[in-house]
1. With the cut-off at 19 Å, report for segment 127-234 the share of all Cα pairs above it, as a whole percent.
2. Quick one: order 245, 331 by neighbouring beta-carbon count within 10 Å, fewest to most.
3. Can you put 401, 159 in order of Cβ neighbours within 10 angstrom, beginning with the fewest?
4. Suppose each label sits 7 Å from its Cα in the direction of the beta carbon; what would the residue 397-residue 359 distance come out to in nanometres?
5. Once R0 is set to 51 Å, what does the formula 1/(1 + (r/R0)^6) return for the Cβ-Cβ distance between residue 308 and residue 437, expressed as a FRET efficiency to the nearest 0.05?
6. Taking the Cβ of each residue in 468, 294 as the centre, tally the other Cβ atoms inside 10 Å and list the residues starting with the fewest.
7. I'd like to compare 211-217, 455-461, 131-137: which one has the highest average count of other Cβ atoms within 10 Å, and what's the full order after that?
8. Based on the alpha carbons, how large is the Rg to Rh ratio for segment 239-444 when Rh follows Kirkwood?
């Protein structure tokens with residue numbers, strides 16, 4: 001029994017000794033010498049300091065200086081594995097144990113160079129991006145502009161419906177670019193390049209025919225314009241305009257005969273591309289503001305051949321061209337030799353045209369009008385019914401009464417009216433230049449015409465004139 005107890009005690013003592021030996025071995029394996037302990041303590045302090053520095057940097061302003069400026073030229077702490085190590089301290093503090101401490105190389109200059117290169121590349125990339133964006137916007141805007149204006153030009157939307165004459169020669173129609181140029185100059189299209197491209201892509205550049213003042217309006221669109229330019233035969237109509245017609249009557253007759261619309265004719269008279277020399281002799285200014293139509297008297301009455309569907313400009317050019325040929329420079333020089341102006345001569349001729357029923361009477365009426373104009377202190381007003389007739393033809397009556405007009409009414413206006421009252425023929429114009437030199441009419445200051453019989457009575461006194469008018473029921477007694 002005692003032997004068993006001794007054995008148990010011995011075994012227990014052996015276990016205790018083994019445990020002590022094991023603990024000593026473990027302690028020795030975990031023992032840290034003084035130098036190592038100092039190094040580990042320093043590393044822990046640096047790690048805590050670096051952690052605080054990182055926290056401060058994250059909360060700082062983005063515009064703070066670079067690392068070298070922030071630390072006064074000293075490089076910032078760097079990361080090495082699991083430890084934060086200051087590069088200068090890691091080199092100088094542990095000189096006694098360099099085998100265990102990694103040596104940090106100062107690569108600040110290298111990193112600064114790389115930073116500058118990266119910054120330069122970044123700046124260039126930004127500039128290149130901006131330039132690219134601007135170019136994209138410019139090209140997009142250009143395409144959008146041409147898309148809109150090209151579309152409007154192609155379809156004719158929101159464009160004028162006023163027809164203009166277009167003339168193309170046999171040589172010009174061979175080149176679609178030349179055709180586009182002519183159309184552009186005429187005001188039919190705005191985008192000749194797009195028109196040319198459209199014709200080439202659709203094959204419309206083939207089969208274009210020469211044109212003699214083809215009437216085309218900008219609102220037609222490319223397809224309709226091309227169809228007109230491929231049409232050769234055009235209907236011609238002859239229209240006669242008697243002497244003494246007003247512009248209003250001429251415009252209505254042009255429209256009735258399908259030459260052009262009345263509105264197109266009026267629009268043509270307002271354009272500034274009329275270039276005959278005689279037009280410069282038509283006075284303008286405040287004195288003539290009351291004139292109804294500035295070309296009244298110059299739209300020469302005659303017979304003309306027109307293309308059906310012409311432009312108002314084409315029709316007007318025919319009238320003005322005829323006036324220029326008939327009232328040529330020789331006749332205009334003769335007018336000046338008589339101490340007269342072209343404008344006054346045409347106004348006077350228009351009154352003669354409506355006041356005289358016969359050719360011979362035109363020259364006698366002219367004599368009476370000249371007699372009165374030559375003595376304005378005695379006969380300040382012409383008192384011609386024809387001027388009242390013109391006012392009534394232009395300005396509608398109001399409640400059956402004539403609207404007061406001091407520009408044309410020669411019963412209240414001194415001298416000639418502000419403008420012609422119709423478009424006189426050659427006979428009336430010649431009579432205005434060459435009044436009768438018959439002795440009896442040299443002293444006549446009154447005349448009246450019985451439109452029923454065509455008889456014109458010339459009187460030397462007012463009493464004689466009124467007596468004859470009363471007996472015929474004309475004039476003031478009508």
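1. Details: 2673 of 5778 pairs.
Value for segment 127-234: 46 percent of Cα pairs lie more than 19 Å apart.
2. Result, fewest neighbours first: 331, 245.
3. Working: 401 7, 159 18.
The fewest-first ordering by Cβ neighbours comes to 401, 159.
4. The answer from the label model is 3.6 nm.
5. 0.60
6. 294, 468
7. Per-residue mean Cβ counts within 10 Å order the peptides as 211-217, 455-461, 131-137.
8. Numbers: Rg = 17.1 Å, Rh = 17.7 Å.
Dividing the radius of gyration by the Kirkwood radius yields 0.96.
Values quoted throughout were computed directly from the atomic coordinates according to the rules given, and no laboratory measurement underlies them. Source: prediction; values computed, not measured. Cβ: placed from backbone, ideal geometry, glycine included. Neighbour counts: every protein chain shown.
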